[in-house]
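Some notes on the structure that comes next.
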Amino acid sequence: MKTEKLKEDIQKLSQGCFPDDKEAYGKLIGDLGENEKAQQYLFEKARETAALTYGNKIYIRGLIEISNICKNNCYYCGIRKDNRKVSRYRLSPEIILECCRYGYDKGFRTFVLQGGEDPGLTDEKMVDLISKIHREFPDCGITLSLGEKERESYQRFFDAGADRYLLRHETADSSHYRKLHPPELSLHHRMECLEILKEIGYQTGCGCMIGSPYQTEENLGQDLVYLKRFQPHMVGIGPFISQKDTPFRDFSNGTLTRTLIMLGLIRLLLPQVLLPATTALGTIHPRGREMGILAGANVVMPNLSPRENRKKYLLYDNKLGTGEESGEGLELLKQQMSRIGYEVVTDRGDYKEKGMV
Ligand code: 5AD
């Protein structure tokens, strides 16, 4: 009976007639967690929905972690400013271009430049770098993930050739946001940045951690309300994983099941969204990435950073950076995906508007 009711809710959600409020979503998330049959139904619907727009294609993004220097002190993050144990680096433009060349040869057509909020990565340096990548790889997408900036900076990066920007909102509840961040950071400013990015014309991505400290089901419900309203082109979610040198070292990790449920629900709420099965998901379970795809995700982001830098970009403990999670492991990733019926493609993998298929 309970299962039937949950299936009905899932159906309503995919038809756009489920109540759009945090309590209702929160309850659904909680109830689904206890009902495996309903979870399977959700994942099936989510896969069908993804297939309507993207078929069985999996898009890959080459992730280049360009700097682990950060001026912020987010309580959950391993590369927070006050973590003295991190050996800090900033990649040179030449090394970054080498990573792109290596990735291009392997079939990557999107490069994601991700970094901490590093004051040394000045606008001038970024514009120069983006222009160089754009010139050498005109058929590739350039995604940035460099945190909160002024409108002018976002605009200059866009004009230089960047197409997409990832800025997770982390949680859509402002009091929860304050529990995860020091007082100088605010959800309000974060959301303003996201609005600006979209206005400028970026394919914009937000997202949150699942199972972060103090998070309630209702908070996750609020995340869904926000996602539905904001209509991002991409959503990055993954489980919170504690990092031993942060204030959140003693909190437990987010769970696989809850992350998969959120992936499935997001796919139904935003049918065209580009949704990665993230590294964090692969880190908490050896088959996490595949399970993410089978719950509605359609993107993977293998690491193209130089090997010696990967172990310095530890946002959380035991972060994957080799095997299928790396540029070198692309063949393994292709096999892994083909075993579950999906095909890794050489494609920019842009967002497809409704009706574009
Ligand atoms: N566990 C999981 N995800 C984390 N991130 C940062 N620290 C952690 C952690 N301990 C995520 C944040 C950030 C993204 C780059 O990595 O959501 O936006």
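The values are calculated or read from the model by the stated rules, or taken from the named source; none is laboratory data. Since we're looking at a predicted model, the values are computed, not measured. Virtual Cβ from ideal backbone geometry, glycine too; neighbours counted across all protein chains shown. Heavy atoms of the whole protein, side chains included, go into the accessibility calculation; ligands, DNA and RNA do not. Shrake-Rupley method; radii C 1.70, N 1.55, O 1.52, S 1.80 Å.
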Test: residue in the stretch 199-209 that is in contact with a helix residue (DSSP H, G or I) (Cβ under 8 Å, 6 or more places away or on another chain) and of a type in the set (D, E, K, R): no
Count - residues of the stretch 119-144 that are surrounded by fewer than 20 Cβ atoms within 10 Å (Cβ to Cβ) and among the polar types (S, T, N, Q): 2
Criterion: free of Cβ contacts under 8 Å to residues at least 60 places away in the same chain, part of a loop (DSSP other than H, G, I, E, B) and farther than 19 Å from R109 by Cα - qualifying residue of E195, E124, E148: E148
Residues located in the stretch 255-265, provided they are within 16 Å of the ligand (Cβ to nearest atom) and open to solvent by 10 Å² or more (accessible area, probe 1.4 Å): T255, L256, R258, L260
Test: residue in the stretch 38-58 that is in a helix (DSSP H, G or I), touching a residue at least 24 places away in the same chain (Cβ under 8 Å), open to solvent by 80 Å² or more (accessible area, probe 1.4 Å) and farther than 20 Å from T216 by Cα: yes
Residue list for the stretch 178-193, restricted to those being open to solvent by less than 10 Å² (accessible area, probe 1.4 Å) and among the small types (G, A, S): none
Test: residue in the stretch 106-118 that is without any contact (Cβ under 8 Å) to a residue 40 or more places away in the chain and open to solvent by 20 Å² or more (accessible area, probe 1.4 Å): no
Filter result for the condition that a residue is within 16 Å of the ligand (Cβ to nearest atom) and farther than 16 Å from G147 by Cα, over G211, G207, G236: G211
Selection count, the stretch 151-177, where residues are part of a helix (DSSP H, G or I) and either surrounded by fewer than 20 Cβ atoms within 10 Å (Cβ to Cβ) or within 16 Å of the ligand (Cβ to nearest atom) (or both): 12
Residue check for E195: farther than 24 Å from M291 by Cα and more than 16 Å from the ligand (Cβ to nearest atom): yes
Boolean, D82 is surrounded by fewer than 21 Cβ atoms within 10 Å (Cβ to Cβ), part of a loop (DSSP other than H, G, I, E, B) and of a type in the set (D, E, K, R): yes
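Yes/no matrix, rows are residues, columns are (1) surrounded by 24 or more Cβ atoms within 10 Å (Cβ to Cβ); (2) closer than 24 Å to P19 by Cα; (3) within 13 Å of the ligand (Cβ to nearest atom):
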{"residue": "R267", "(1), (2), (3)": "yes, yes, no"}
{"residue": "Q272", "(1), (2), (3)": "no, yes, no"}
{"residue": "P276", "(1), (2), (3)": "yes, no, yes"}
{"residue": "T283", "(1), (2), (3)": "no, no, yes"}
{"residue": "R287", "(1), (2), (3)": "no, no, no"}
{"residue": "G292", "(1), (2), (3)": "yes, no, no"}
{"residue": "R307", "(1), (2), (3)": "no, no, no"}
{"residue": "R310", "(1), (2), (3)": "no, no, no"}
{"residue": "Y313", "(1), (2), (3)": "no, no, yes"}
Hits in the stretch 59-79 (condition: polar (S, T, N, Q) and either in a loop (DSSP other than H, G, I, E, B) or away from the ligand (no atom under 13 Å from the Cβ) (or both)): N68, N72, N73
Residue ID - farthest from the ligand (Cβ to nearest atom), chosen from residues in the stretch 180-192 that are assigned to a helix (DSSP H, G or I) and touching a residue at least 40 places away in the same chain (Cβ under 8 Å): H189
Filtered residue count, the stretch 200-222, keeping only those that are part of a helix (DSSP H, G or I) and either among the polar types (S, T, N, Q) or under 21 Å from H181 (Cα atoms) (or both): 6
Sole residue being over 19 Å from I29 (Cβ atoms) and in contact (Cβ under 8 Å) with a residue 24 or more places away in the chain, chosen from K311, K334, K244: K244
